1. Please give the helices (runs of 4 or more DSSP H) falling wholly within region 80-126 in which 1 or more residues are among the aliphatic types (A, V, I, L, M) and open to solvent by 60 Å² or more (accessible area, probe 1.4 Å).
2. Which residues, taken from region 158-191, are open to solvent by less than 20 Å² (accessible area, probe 1.4 Å), part of a helix (DSSP H, G or I) and at pLDDT 95 or above?
3. If a residue must be within 13 Å of the ligand (Cβ to nearest atom) and open to solvent by 10 Å² or more (accessible area, probe 1.4 Å), how many such residues does region 251-293 contain?
4. Out of Leu62, Leu75, I need the residue that is in a loop (DSSP other than H, G, I, E, B) and over 29 Å from the mean Cα position of the chain (by Cα). Which one?
5. Any idea which of (1) touching a strand residue (DSSP E or B) at 6+ places or on another chain (Cβ under 8 Å); (2) in a helix (DSSP H, G or I) is the one Ala147 doesn't satisfy?
6. Of the residues that make up region 305-328, is at least one farther than 27 Å from Leu117 by Cα, in contact with a helix residue (DSSP H, G or I) (Cβ under 6 Å, 6 or more places away or on another chain), within 15 Å of the ligand (Cβ to nearest atom) and open to solvent by 20 Å² or more (accessible area, probe 1.4 Å)?
Amino acid sequence: MNHFDQDRHSALQAKQEAQRIAFGPFVFQASKALRDLGVLRAIEAAGDDGLALEEIVERVGLSTYAVRVLAEAGLGIGSLVLKQDRFVLSKLGWYLLNDPMTQVNMDFTHDVNYKGLFHLQESLVEGRPAGLKEIAPGSRTVYEALATLPGHIRESWFRFDHYYSDNSFQSVLPLIFSEPVASILDVGANTGKWAIACANHAPDVRVTMCDLPGQLAQARVHVDARGFGDRVAEHPIDILRPELPLPGGHDVIWMSQFLDCFSEDEIVMVLEKAARVMTPRTRLYIMETYWDRQRFENAAFCLQQTSLYFTCIANGNSQMYHSSVLHRCIERAGLAVAEEVDGVGISHTVTKVVKRQQDAACAA
Ligand SMILES: C[S@@+](CC[C@H](N)C(=O)[O-])C[C@H]1O[C@@H](n2cnc3c(N)ncnc32)[C@H](O)[C@@H]1O
């Protein structure tokens, strides 16, 4: 879906939008302060009558000055409306306050990215995540630091990651289990949520979780707590080390929000590792969010901006890809797309990948 083939702004709108960008950090921080310091909540509770400035002051316990600058910023931002000297919550204010997706995105932006984005240009020029030092000094990638990030940063990272994939897990299970599945290899298992979802869905299925050792230690705790310890195994791996193979013998290989963690050449290397352990009957399912496959422009916008997190914080060389890039990598790895479903969960595409027919014939 192409949402980006028109210049839709009039000159006046374009100039206005340019000022929103010029003051972007002000708009973001003021909105977060209006949310976190209780101003939006107090105004929402007053309903259509809204609140006068001093009434807000009484309810939130900030100075008149602090409430005035914040509330006036909210007018320009559009989260508040001023009616007869009373501040009323707008629809935008309601979303900032109550919409789970907006909350997850704002907290991820603030806790994980905000300070690091100051180093975006350095990251682009040098090809490394120059902003990562703001949250994990001394780490090469965010993934090796995940298990040890400060609590609130870690929490915002995981809430962001899971908000999108959790919503898709339930809807994709029937697709994966539409053919007989005895064992699944979950590459990039993270906290073990997919392994748990599979074990819960199919009473006999066995799952092997692959990830960096730090993540697997956490995943193990979650899996055991759900009582699935006997059917879920672990295979610690740094997938980027070329000499380390993936374990073989699984009917399904599952990679959810995993390949976007790598550059194109690295993706090909990971897919080649998968291809080496695939038989003609193995299905590799890739679940990703492609910005060109989004029904809503807003979703594509979120993904395009999220790419910059990969540039500046995660690893400096990956992104939320255009689907054609992933298709090219699949082809380069000697694999073929058998089926593809868009619109899974909030914004995912699930691609079923198999060995190319002539390669499978040779292997059989
Ligand atoms: C964005 S998370 C996706 C987690 C999960 N599959 C989901 O759908 O929510 C990516 C996962 O890939 C893992 N990962 C990143 N680099 C890795 C590497 N070099 N080797 C193994 N796992 C890695 C991370 O630790 C993380 O758990």
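The values are calculated or read from the model by the stated rules, or taken from the named source; none is laboratory data. Predicted model, so just to flag it, every value in this text is computed and none were measured. Heads up, the Cβs are rebuilt from the backbone with ideal geometry, glycines too, and the neighbour counts pull from every protein chain shown. Ligands, DNA and RNA are stripped out before the accessible areas are found, and what is left, the full protein with its side chains, is counted by its heavy atoms. Shrake-Rupley method; radii C 1.70, N 1.55, O 1.52, S 1.80 Å.
1. Ranges flagged: 91-98, 120-126.
2. Val172, Leu173, Ile176
3. Residues meeting the conditions: 8.
4. It is Leu62.
5. The one condition Ala147 does not meet is (1).
6. No; the residues of region 305-328 include none that is farther than 27 Å from Leu117 by Cα, in contact with a helix residue (DSSP H, G or I) (Cβ under 6 Å, 6 or more places away or on another chain), within 15 Å of the ligand (Cβ to nearest atom) and open to solvent by 20 Å² or more (accessible area, probe 1.4 Å).
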